[in-house]
There are 4 protein chains.
Amino acid sequence: MAKNIAPVYYGDYLKLDTLLSAQQPHSTRYGAEAHDEMLFIIVHQVYELWFKQVLHELRAIQREFHQPKLDDKGLYLVAHRLRRVLTIQDLMNDQVAVIETMTPQEFLEFRDYLIPASGFQSIQFKELEIMLGLHRDKRVAFDQSSFFNRLNDQDRSYLEQLEQQPSLFDLVDKWLARMPFMNIESFSFWRLYQSAVDKALDEDEALIRGNNSDAAQLATELAGIQSNRDNFHALFDADAYQQLQQDGRVRLSQQAMLAALFITQYREEPAFNLAWQVITGLTEMDEKLTIWRYKHAMMVQRMLGTKIGTGGSSGHDYLRRTTEQNRVFKDFFSMATYLLPKTALPQLPEQVQRLLGFYHRD
Amino acid sequence: MAKNIAPVYYGDYLKLDTLLSAQQPHSTRYGAEAHDEMLFIIVHQVYELWFKQVLHELRAIQREFHQPKLDDKGLYLVAHRLRRVLTIQDLMNDQVAVIETMTPQEFLEFRDYLIPASGFQSIQFKELEIMLGLHRDKRVAFDQSSFFNRLNDQDRSYLEQLEQQPSLFDLVDKWLARMPFMNIESFSFWRLYQSAVDKALDEDEALIRGNNSDAAQLATELAGIQSNRDNFHALFDADAYQQLQQDGRVRLSQQAMLAALFITQYREEPAFNLAWQVITGLTEMDEKLTIWRYKHAMMVQRMLGTKIGTGGSSGHDYLRRTTEQNRVFKDFFSMATYLLPKTALPQLPEQVQRLLGFYHRD
Amino acid sequence: MAKNIAPVYYGDYLKLDTLLSAQQPHSTRYGAEAHDEMLFIIVHQVYELWFKQVLHELRAIQREFHQPKLDDKGLYLVAHRLRRVLTIQDLMNDQVAVIETMTPQEFLEFRDYLIPASGFQSIQFKELEIMLGLHRDKRVAFDQSSFFNRLNDQDRSYLEQLEQQPSLFDLVDKWLARMPFMNIESFSFWRLYQSAVDKALDEDEALIRGNNSDAAQLATELAGIQSNRDNFHALFDADAYQQLQQDGRVRLSQQAMLAALFITQYREEPAFNLAWQVITGLTEMDEKLTIWRYKHAMMVQRMLGTKIGTGGSSGHDYLRRTTEQNRVFKDFFSMATYLLPKTALPQLPEQVQRLLGFYHRD
Amino acid sequence: MAKNIAPVYYGDYLKLDTLLSAQQPHSTRYGAEAHDEMLFIIVHQVYELWFKQVLHELRAIQREFHQPKLDDKGLYLVAHRLRRVLTIQDLMNDQVAVIETMTPQEFLEFRDYLIPASGFQSIQFKELEIMLGLHRDKRVAFDQSSFFNRLNDQDRSYLEQLEQQPSLFDLVDKWLARMPFMNIESFSFWRLYQSAVDKALDEDEALIRGNNSDAAQLATELAGIQSNRDNFHALFDADAYQQLQQDGRVRLSQQAMLAALFITQYREEPAFNLAWQVITGLTEMDEKLTIWRYKHAMMVQRMLGTKIGTGGSSGHDYLRRTTEQNRVFKDFFSMATYLLPKTALPQLPEQVQRLLGFYHRD
């Protein structure tokens, strides 16, 4: 293999000359260098390098989902690449501690030289959001109006073209919706499943009535149960489900939602193990992104208080508002609402049993 | 020193017989042991042990603040103990990952046996909240009504008696309010400081006007600046400040707020270094508690969806609502709003300079 | 399900009365309480609780390996439980930071009261080591002589009886050795594999000769290559392999070693995915235990310097010496020595291909 | 302040065009891109960015130590910058988990294209080591001969010139040696201190004799005590101390060692608080560097087994050998050997008490 390969020098391979000359503090243009501007630059550059790596993995994951048939070997790759993304996200979340070693005053020494640059102009981060499936109409109001503000033309048109591509959410939805075991005559299984969930919700209702002496609190809790009931029944009723989607309470298609519920319920079955790794990986990616936004918002507040950021908006409030709402795979996150303990599960459809059977010899 | 000391055996010293027999899964009472109930018990017991340690440190910290005169040696101890609390909190936050290795179905195998027990019944956690200064009237609505619900009489009266003690917040407020450099004739310093802050806010306003083409967005941002202006001027006006307190926008007393601002502004002065370590330690304690609540809420959602918890309420929503609001030292957290870069600082009052001077020989 | 279940109170369920009264500082027996003894006790008690949980998981894992036939459902459980163990280990490793918040002097305030208690008397930790497969004759010299020293009779005989049970290492070895694809006529595959590895080693040798101008260094490196060659060829020669075992250079049986190599080489094959998760989980368990010992040794040195510990021996040196040597699954750890890039792999035996084929429909 | 400042765009400020085009996988030169080469490049580039930041901080720290008089304000800065370095080191240590998401086979897909590049060619890492004070003659043997091997001329002469500069170790040693309280007539204090340490060592010896039934073990432990005695007495005897230095058992100068011991013993004194933060920060920097080397060595072994690296040497062994030995501030690390509990401390010299007194008013 190693034939005719030119010898390589570490610094050349990593292009260190280029890389290490890309830190140009602006404070030196207007006076003495502010010591901490270097940290500010490097912290953001490291984030951008990790974003590049995450995008590299997500593109490879999308390629797998674009395959006409995504077999276990493909799913293994998706799960493997997702694990890497999660590991990088852990690091990015912990990295907030590094920028927090800068005091607000140290930041103020060079903040004015950065105006009106803003983290909202990170194209790779926006690309990541778009690629995951965070389209304009799913964003919080402020974000909708401003997502493309303050970008130069080239960046804006690049992102607008990206929004035309199918997102990871779309691809995952399609993959789930076409799961073979969902196309079979499984009516009786789901009917039994519904009864079992109803029974569990009845027990929860009894529990609530027994535990809440306060009338207002009781009413709230009962409304919660009723909402769970309605949502659950809607899973099996195309019209009701469509209403849930229109109200923004679910995002997955009905078929995909049922498939995800089924896989989550039977995750320890070898046949579903990889699919579940993928579902759980996507859920955790969302969760870690949420924690990143949250920590980031707290860091901005410590750094600026309620002062506005260099881009001319109070980043803290924005970040806090987006923390919860900008989640893409929220449906997976709440899947546990309808899960049953194994002892309460109905018998599996025969066709599915046969499918699972293949995996049980060794 | 080591005279007449009875020899000690590891297991006896740590009372391992007692400790390791305190895990009694309830699933065994009604059938086979649910494998994961052991994890559930141990995870909660470890939290309770850490709570005990944190309370041990906070009590020691309170003792220092009760000293008639809290000198640098005392402050060193406070900062030292706070650092330990923060280190334990980091661990507690990471510990959420351990309970997340349990799947929702594994939890459902024994969840019904725990009814109506609930984490809301952790007396040590409530004690921690009370000791910090999270009194009933500062809590979110639901929490107010339910804080003492579901406790047995002994626990309830123990906590009610605790609410009568001065909290850490109260003690910190008093310590700050009596800072000697705040009692001096410092009128001219603060007047200059006000002008400098006003100038900075003016610049921010100009920046906002330049950067926001959208009228609605501009209005929101300008309102934010005006609010900052009002709050800042209220710091120097007893009546206006009282109004801020009544509106729940600040909690510290006026004197304490000014002292905290002064210390934060001059934190690198050796004379203020320990005081600032204390302020920043308290801020981080709040922040880490917030992250704990947040991660906890996400874990509950993954485990139960929107299902109710064993205590008969939807813990997730509650936890999420308390995440932001139940902060005690929020005033420290937003202190950066009024900080100035060093270059914009007015001359320090002479008396303060003299005080700082003591620290500059070595 | 939830019929006739007695209502549960949080504090009773967790036996908090018992748990929270098990911290009895000895310093109070001889004078004023040393503030930091509480931390010392609680840190060790938390470790013991985690040890209990880890043992709980390892026992469940051993039960799976004792099954006459360990199918994918069983392997899933093993991998799932191992992941939990790893998550707990991460927490235990980070917990060292908590004890490091105690200064050496703070420890000296109560150290003399603990004599001659020692962490070497933790029965659960020794049980963990024995259960993994760290038998007396595999330990470093000092450890061999002292493993059972300083224990009371009951503890000693408990551990000696445990040493008679098959360890996790033994069970894993047997499971690997009976892998079906190893019993087939696979002679030609392994012969081709050998040629491919030989070729790779030849290329490494050429590389070494090209890169080392220093004669002594070159000799060392070439000896390393030769050793790799010898070890690799021994994998296919029963007598040579036995010699490696006797020299302590490998521990797995020959059949198990080949199976592990095969699985590691083809880990992305769905048929091997769970088996590989198990192998990699065991490797990481060892690695994290190693890091725990290492961090622990450094903490002891910071606390005591080269002073002796409360048990009367210099714990730091001991811990450091055991860090490397007390590894159980070292063979997995070095498996990469004989791995080939996919492009260099020989064709798989037809029987194995057929087996893998089952997993490729979906 | 914000006058005439050119508006800034995020991507321009961070030079993202340059930064994000510096990842050029070599696998594409010889065939299809190996998916994981991007990760390999980015992981190393991120390390290099952090190295640049750490060097930036260390240079600023050195500037403080070069000041004719390092007052508390300067020490505050040193401690502040060290804390940042430690936070970055934590991140770098956790980053090993990211590269570990690459399997050995995935690495083999492009490893041959990197020959003979090697991490040993990282000039910034070598600069970091030199700047700390890891000079050639302190390195392990292999390292001595090869430190400058495989570098191009420019890099080699850059590093050789760096070795002529005073290292951080040298500067810290000088700073400690000139501590004012060490130049005073403190003879009686140290004589009393010696008696107290002798007494403590006597008690340890008695303890050892009581706890070791095994003769060989007893002899080893007693030798350890004797060595501690000899080392301790050497602290007060210029000739004996010089011998310790020549034997490589201590590195600090005698005066610096005594100052460090004094500060560590009285660290909670406000006058010493910052100095102790500096000492402990340097110790932790060493410790975290050690953990980085250790984790790195384990990662290399998992990736390559005992195979040689791309640079043509078995990196794992080298890294492991250097883990322990390449520590710079080892003397601080073992300082606890001679610490006394507060109750055993002799009275402080009056002159020192007066110095400390300044810090006790507030």
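Bear in mind these aren't lab numbers, they're just calculated from the coordinates by the rules spelled out. Here the structure is a predicted model, which means the values were calculated and not measured. When we count neighbours, we look across all protein chains shown, and the Cβ atoms used for this are built from the backbone with ideal geometry, even at glycine.
Place the label 7 angstrom along Cα→C-beta at B:A206 and in each other copy, then list the distances from the first to the rest in nm, shortest first.
6.9, 7.2, 7.7
Rounding to the nearest 10 and keeping the result within 0 to 90°, find how far the Cα-based axis of helix C:215-234 lies from the longest principal axis of chain C.
80 degrees
Which of C:G210, C:L289, C:S334 sits closest to the plus end of the dipole of chain C, meaning its Cα is farthest towards the positive end, when Lys and Arg get +1 and Asp and Glu get -1 on the C-beta?
Result: C:L289.
Of B:W50, B:G119, B:A22, which is farthest along the charge dipole of segment B:14-360 in the positive direction, counting Lys and Arg as +1 and Asp and Glu as -1 at C-beta?
Going by the Cα projections, it comes out as B:A22.
At what distance in nm do the modelled label points of A:S188 and A:D153 sit from each other, each positioned 7 Å from its Cα along Cα→Cβ?
Between A:S188 and A:D153, the label points sit 6.7 nm apart.
Counting other beta carbons within 10 Å of each residue's own, what order do D:V300, A:V352 fall into, fewest first?
Fewest-to-most ranking of D:V300, A:V352: A:V352, D:V300.
Counting other beta carbons within 10 Å of each residue's own, what order do B:D71, C:D204 fall into, fewest first?
Listing B:D71, C:D204 from fewest to most nearby Cβ atoms yields B:D71, C:D204.
How large is the charge dipole for segment C:11-360, taken about the Cα centre, if only the Cβ atoms of Lys, Arg (+1) and Asp, Glu (-1) carry charge, to the nearest 20 debye?
Its charge dipole is roughly 400 debye.
Where does helix B:254-265 land angle-wise versus the long Cα axis of chain B, in degrees 0 to 90, nearest 10?
Orientation of helix B:254-265: about 90 degrees from the principal axis.
Counting helices only, and only those DSSP H runs with n ≥ 4, report the 222 nm mean residue ellipticity of chain C as the sum of -39,500 (n - 2.57) divided by its residues, in deg cm²/dmol to the nearest 500.
-21000 deg cm²/dmol
Cα atoms only: what Rg and Dmax, in Å, come out for chain A?
24.7, 81
Suppose the Debye formula is applied to equal point scatterers at every Cα of the protein assembly as shown; what is log10 I(q)/I(0) at q = 0.04, 0.06, 0.09 Å⁻¹?
Rounded to two decimals, the profile gives -0.25, -0.59, -1.55.
With axes computed from alpha carbons, what is the tilt in degrees of helix A:187-211 against the longest principal axis of chain A, rounded to the nearest 10 within 0 to 90?
Here the helix axis deviates by roughly 80 degrees.
Please compute the contact order of chain B in relative form: average sequence separation of alpha-carbon pairs under 8 Å and at least six residues apart, divided by the residue count, as a percent.
Dividing the mean separation by the residue count of chain B yields 24 percent.
List, shortest first and in nm to one decimal, how far the label point of D:P166 (7 Å from Cα along Cα→Cβ) is from its counterparts in the other copies.
4.9, 6.7, 6.7
Mind listing the Cα extents of segment C:208-272 along all three principal axes, in Å, largest one first?
Sorted from largest, the Cα extents of segment C:208-272 read 46, 31, 16 Å.
Can you sort B:K288, A:K174, B:K295 so the residue with the fewest Cβ neighbours within 10 Å comes first?
A:K174, B:K288, B:K295
On a full-extension model of 0.36 nm per residue, what is the gain between B:D94 and B:R249, subtracting their alpha-carbon distance, rounded to one decimal in nm?
Going from the current span to full extension adds 52.6 nm.
Roughly how many debye, to the nearest 20, is the charge dipole of the protein assembly as shown about its Cα centre, given +1 on each Lys and Arg Cβ, -1 on each Asp and Glu Cβ, and no other charges?
Approximately 0 debye in magnitude.
Could you give the distance between the Cα centres of segment A:43-95 and segment A:239-279, to the whole Å?
Here the answer is 22 Å between Cα centres.
For A:K288, go through the lysines and keep the ones whose alpha-carbon is under 20 Å away, minus same-chain ones fewer than eight residues off.
Within the straight-line limit of under 20 Å, A:K288 reaches these lysines: A:K52, A:K126, A:K138, A:K330, B:K288, B:K295.
Report the equivalent ellipsoid semi-axes for segment A:1-78 in whole Å, largest first, defined as the square roots of five times the eigenvalues of the gyration tensor built from alpha carbon atoms.
Semi-axes (√(5λ), whole Å): 38, 22, 8.
Quick one: grab the alpha carbon gyration tensor of segment B:1-158, order the square roots of its eigenvalues as a ≥ b ≥ c, and give me rounded if a/c is under 1.5, else prolate or oblate depending on whether a/b is larger than b/c.
The shape class here is oblate.
How far is A:P68 from the same spot in each other copy, in nm, shortest first, if each label point sits 7 Å from Cα toward Cβ?
Label-point separations across copies, in nm and ascending: 4.5, 8.3, 9.1.
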